[in-house]
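Note sheet for the following structure.
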Amino acid sequence: MIYLLMLLQLTLALAVLGGLGLKLILASALGVLLIYIWAYTSAPKGRYHPLEREQIPWLYDGVASMARKAGIKMPKIYLLEDYIPNAYSFKDTLVFSLGLFEVLGEEEILAVAAHEIGHIKNGDTKLFPIIAYSRYLMIMMTIIVALFSGNTLTALGSIAIYILYEISRAEYLKKREFGADHTALGLLEVPMSLKYALEELKYYEDLRANVKTSAVPSIEPGIERKQGTPIIETHPSYDERILRIILEINRGPPQNRLQ
């Protein structure tokens, strides 16, 4: 649906602006593509440190075991010097902040890792960057039509398409988060540990106030929502995820979760 709406916006831009619209859109697309290539090929720097097995054997071995079970190669693991509990994934890499080890136990951290492995298994670490940078292109196309069409109805139509796009994008990203949880439950020896991890992180987040975080430009943090209340929420709440996890566990053994 989101790509259909992008195509509709592109068609509107070309119909209204013709050659000018095509040039502006191609220039915008090239700029977005260059930024995407730079972000996707850049390795973590600064406060990111690769994890060696001897540092945290239980985490390294746990990730290796779940990766084998998921049918993917062993992910790279980085530790992030950040006191805020957080974990996310990009490409074939898992990132755990040092703050995560302050608020969660071993089983809960492995549950967080299982969720992120779920993103890799489901192809989200390849898909999410495309969606993120495609959104920039969609914004540019909307601005181009609104500014250069010279027609109020056309501009309003373009904005309406963009609003529908944002709603569709948000719902799609939420489904991918639920999908990562679904996969994680099939990887964990103690599936309920994912519920416990989310409850602890929710409690911690509720205590936080006026703390801003930033993420690597590739995939949105998979376990912690950003602070503030966006107009259109792109990440399910902890309560939504916890409820789904309880319902899924109560339905029985995870026979087909990895398929």
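The values are calculated or read from the model by the stated rules, or taken from the named source; none is laboratory data. All of these numbers come straight from a predicted model, not from anything done at the bench. All Cβ positions, glycine included, derive from the backbone under ideal geometry; neighbour counts span all protein chains shown.
A few comments on the model shown:
- Residue within the range 34-51 that is within 22 Å of the chain's Cα centre (by Cα), at pLDDT 75 or above and over 27 Å from A114 (Cβ atoms) present: yes
- Qualifying residue in the range 189-196 (condition: in a helix (DSSP H, G or I), closer than 15 Å to A87 by Cβ and within 20 Å of the chain's Cα centre (by Cα)): yes
- I144 in contact (Cβ under 8 Å) with a residue 12 or more places away in the chain and over 20 Å from the mean Cα position of the chain (by Cα): yes
- Looking only at the range 92-111, residues that are in contact with a strand residue (DSSP E or B) (Cβ under 8 Å, 6 or more places away or on another chain) and in contact (Cβ under 8 Å) with a residue 24 or more places away in the chain come to 6 in all.
- Every listed requirement among (1) surrounded by fewer than 20 Cβ atoms within 10 Å (Cβ to Cβ); (2) in contact with a helix residue (DSSP H, G or I) (Cβ under 9 Å, 6 or more places away or on another chain) is met by T152 save one, (2).
- Options Y78, Y162: the member that is touching a His at 6+ places or on another chain (Cβ under 7 Å) and more than 17 Å from L198 (Cα to Cα): Y78
- Flag for G150 being small (G, A, S), in the same structural domain as L185 (by TED's automatic domain parsing) and without any contact (Cβ under 8 Å) to a residue 24 or more places away in the chain: no
- Residue check for I84: within 30 Å of L188 (Cα to Cα), β-branched (V, I, T) and surrounded by 15 or more Cβ atoms within 10 Å (Cβ to Cβ): yes
- Screening K174 on (1) crowded, with 16+ Cβ neighbours inside 10 Å; (2) modelled with pLDDT under 90 shows it passes everything except condition (2).
- Just one of the listed residues (I159, I131, I144) is surrounded by fewer than 18 Cβ atoms within 10 Å (Cβ to Cβ), within 24 Å of M1 (Cβ to Cβ) and not basic (K, R), namely I159.
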